[in-house]
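*Asks:* Have a look at this one.
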Amino acid sequence: MEDQGNMLRIDDLRSEVDGKPILKGLSLALNAGEVHAIMGPNGAGKSTLAYTLGGRPGYEVTGGSVSFDGRDLLAMAPHERAAAGLFLGFQYPVEIPGISNVQFLREALNSQRKARGQEPLSAAEFLRLAREKAALLGLDMEMLKRPVNVGFSGGEKKRAEMVQMGILDPKLAILDETDSGLDIDALKTVGAGINAIMRAPDKAVLLITHYQRLLDYVQPDFVHILAGGRIVKSGGPELALALEREGYAEVIAA
């Protein structure tokens, strides 16, 4: 893997949870402009990879290195990773009672802008931006005035999270099973939103998913199979189709 041009470069990453090794020497490189899908059976380490890159407490790195835009990602606190342009989308977005989406997102965006030496957005400027991104995802602005994810359906939570991604405008989005719990209409909307927000020459996406169905809407450049804490096979979009057809055991054995 050439180091030059890699937006994200993972070398021999090892990480454990509660003393149990989960990632066991994972290596991967993403360049700007690329969408990579990671697929794998339950327990393979997919969510552990996402949380380790995001800096979630309890996910202890025991070896290897990760660079993001030429900086040592593992030396950065979670909020520094976010300010540097990393976005982590959760399989199960959390509820935050008492804080409206608008309030939460404006604080998040302005804290990132401050870390980058940029001026904060005024309330009016922020609302214009929020309206634009909400329209992109087919989310009613009234939803954004409600407390974060409280009383939202699974599809609404994912749409709200994609609006959050649009507002924060990251360089790299790591999306952990964003298709989980979505019906076909929500899946199409979220897929279109990912494409509109993140399909750009200066951005990259790491899409973690169980199933091919999201990849019909967000077409990956590369597909990797994660099993036993390592990338065991890589290919193009056809690899996801083979997995759907034949299952993990068959494709990994082949």
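Every read-out reported here was derived from the displayed coordinates using simple, explicitly stated rules and does not represent laboratory data. Everything numeric here is computed off the predicted structure, so don't read it as measured data. Note that each Cβ is placed from the backbone with ideal geometry, even for glycine, and that neighbours are counted across all protein chains shown.
*Asks:* Would you work out the charge dipole size for region 6-253 about its Cα centre, treating the Cβ of every Lys and Arg as +1 and the Cβ of every Asp and Glu as -1, and quote it to the nearest 20 debye?
*Replies:* The calculated dipole for region 6-253 is roughly 420 debye.
*Asks:* Still on this structure: Take every Cα pair under 8 Å in region 138-254 that's 6+ residues apart, average their separations, divide by the length, and report that relative contact order as a whole percent.
*Replies:* Relative contact order for region 138-254 comes out at 20 percent.
*Asks:* Per the helix-only calculation at 222 nm, which mean residue ellipticity applies to the chain, given -39500 (n - 2.57) for every DSSP H run of n ≥ 4 and division by its residues, nearest 500 deg cm²/dmol?
*Replies:* Helix-only estimate at 222 nm: -11000 deg cm²/dmol.
*Asks:* I would also like to ask the following. Mind listing the long-range amide H neighbours of residue 231? Cut-off is under 5 Å, sequence gap 5 or more, other chains count too, H placed in the peptide plane at 1.01 Å from N.
*Replies:* Amide H neighbours of residue 231, under 5 Å, 5+ apart: 27.
*Asks:* What is region 6-253's relative contact order, in percent, from Cα pairs under 8 angstrom and six or more apart in sequence?
*Replies:* Averaging sequence separation for qualifying contacts and normalising by length gives 28 percent for region 6-253.
*Asks:* Calculate the translational D of region 6-253 in whole µm² s⁻¹ from Stokes-Einstein, where the hydrodynamic radius comes from the Kirkwood formula applied to all Cα pairs, the temperature is 4 °C and the viscosity 1.567 mPa s.
*Replies:* Value of D from the Cα-based Kirkwood radius: 70 µm²/s.
*Asks:* For the chain, what are the DSSP H helices with axial Cα length of 24 Å or more and mean Kyte-Doolittle hydropathy of at least -0.5?
*Replies:* none
*Asks:* Describe numerically, in nm with one decimal, the distance between label points set 7 Å from Cα along Cα→Cβ at residue 17 and at residue 71.
*Replies:* 2.7
*Asks:* Using R₀ = 41 Å, calculate the FRET efficiency as 1/(1 + (r/R₀)^6) where r is the Cβ-Cβ separation of residue 145 and residue 27; round to 0.05.
*Replies:* After rounding, the FRET efficiency stands at 0.40.
*Asks:* In whole Å, largest first, what are the principal axis extents of the Cα atoms in region 39-159?
*Replies:* Over region 39-159, Cα extents along the principal axes are 45, 38, 26 Å.
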